[in-house]
Amino acid sequence: MHIAIVGFGKMGHVVYQSAIRDGHTIAAVIDPYSDAPEVTDKKCDVASLANADVVIEFSVAEGIEERFRTYAEARIPTVIATTGWYDRLTEIEKEFSKKDCSIIWSGNFAIGVHLFFSIVRDAAKLMDSFSTYDPVVQELFHSGKGDSPSGTSLMIGKILLEELQRKDSVESARLDRKRKDSEIHLSSARGGSNPGTHTVIFDSPVDSVEITHRARSREGFAAGAIQAAAWVSDGRKGFFSLDDMLAELTG
């Protein structure tokens with residue numbers, strides 16, 4: 001594949017290295033904020049994407065609607081790994097599912113994380129019958145991560161809300177009050193170099209059940225994004241989530 005990378009921060013660098021190692025060609029590197037020698041364009045537009053077969057974006061949420069429109073106009077398959085825009089997901093999906101585009105998005109492209117999601121969902125279904133087990137979500141990331149909470153934690157919260165009838169909302173802000181019984185608290189910590197740890201705790205007065213996914217490096221995120229790029233560029237049209245790809249691959 002000839003890949004355009006949009007966003008050349010830590011993850012952009014990992015995608016760049018992983019793609020070359022896997023035998024792909026980097027057609028463009030686009031980032032208005034980076035002065036790295038690999039950057040070919042500061043502006044993401046149709047012209048800057050002209051030599052690419054597919055886009056992988058690990059960028060910032062600011063301006064994402066305009067970039068979506070650029071990808072649709074260029075008719076270029078696109079992987080959206082940028083986080084922090086999910087409050088606009090419904091509107092964006094409604095707009096772009098009607099256009100001639102090929103877009104796949106996720107808050108986390110590591111395949112192991114999505115296996116973790118499946119385990120969390122099954123555990124929540126079991127715990128729904130045992131109200132003494134109260135869920136908590138905790139995450140730890142490196143000091144340079146640009147958003148809080150992570151897209152992954154928000155996806156975990158969504159899974160828990162879907163499976164636990166006694167819960168109706170996720171609270172990710174600082175609590176200066178008693179947490180409501182119907183809430184799930186999601187706590188975030190930032191420090192050091194941790195590439196990402198997520199833990200779901202089901203705590204009761206007598207014991208605790210904990211499920212953890214711990215990333216060892218950023219390579220897993222890059223590998224999943226490159227796999228998604230190959231999938232979405234294989235003649236598919238529409239607005240997809242990574243769940244759509246995994247459902248197809250697992251039958």
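The values are calculated or read from the model by the stated rules, or taken from the named source; none is laboratory data. Everything numeric here is computed off the predicted structure, so don't read it as measured data. For neighbour counting, all protein chains shown are included, and Cβ atoms are generated from backbone atoms with ideal geometry for every residue, glycine included.
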Exercise for review: Considering (1) assigned to a loop (DSSP other than H, G, I, E, B); (2) over 18 Å from Tyr133 (Cα atoms); (3) not hydroxyl-bearing (Ser, Thr, Tyr), say which one His198 fails and leave the rest.
Suggested key: (1)
Check your understanding: In the set Ser106, Ser97, Ser150, Ser102, which member is small (Gly, Ala, Ser), in contact (Cβ under 8 Å) with a residue 40 or more places away in the chain, in contact with a Leu (Cβ under 6 Å, 6 or more places away or on another chain) and within 29 Å of Arg236 (Cβ to Cβ)?
Key -> Ser106
Check your understanding: If you go through segment 178-192 one residue at a time, do you hit one that is within 22 Å of Ile111 (Cβ to Cβ) and either over 15 Å from the mean Cα position of the chain (by Cα) or among the acidic types (Asp, Glu) (or both)?
Key -> no
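Rundown of residues vs (1) in contact (Cβ under 8 Å) with a residue 24 or more places away in the chain; (2) within 21 Å of Leu242 (Cβ to Cβ); (3) assigned by TED's automatic domain parsing to the domain that holds Ile76; (4) part of a helix (DSSP H, G or I), yes/no style:
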residue: Leu115; (1), (2), (3), (4): no, yes, no, yes
residue: Ser118; (1), (2), (3), (4): no, yes, no, yes
residue: Thr132; (1), (2), (3), (4): yes, no, no, no
residue: Pro135; (1), (2), (3), (4): yes, no, no, no
residue: Gln138; (1), (2), (3), (4): yes, no, no, no
residue: Gly146; (1), (2), (3), (4): yes, yes, no, no
residue: Gln165; (1), (2), (3), (4): yes, no, no, no
Point to revise | segment 66-92 residues that are in the same structural domain as Asp147 (by TED's automatic domain parsing) and among the aromatic types (Phe, Trp, Tyr), paired with ones that are at pLDDT below 95 and crowded, with 20+ Cβ neighbours inside 10 Å (beta carbon under 7 Å, 6 or more apart) | key: none
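Scan segment 185-203 and give yes if some residue there is surrounded by 12 or more Cβ atoms within 10 Å (Cβ to Cβ) and free of Cβ contacts under 8 Å to residues at least 24 places away in the same chain, otherwise no. I'd like the intermediate steps shown before the answer.
From segment 185-203, those surrounded by 12 or more Cβ atoms within 10 Å (Cβ to Cβ) are 185-190, 194-203; that's our starting set.
So of that shortlist, the ones also free of Cβ contacts under 8 Å to residues at least 24 places away in the same chain come out as none.
No, segment 185-203 has no match at all.
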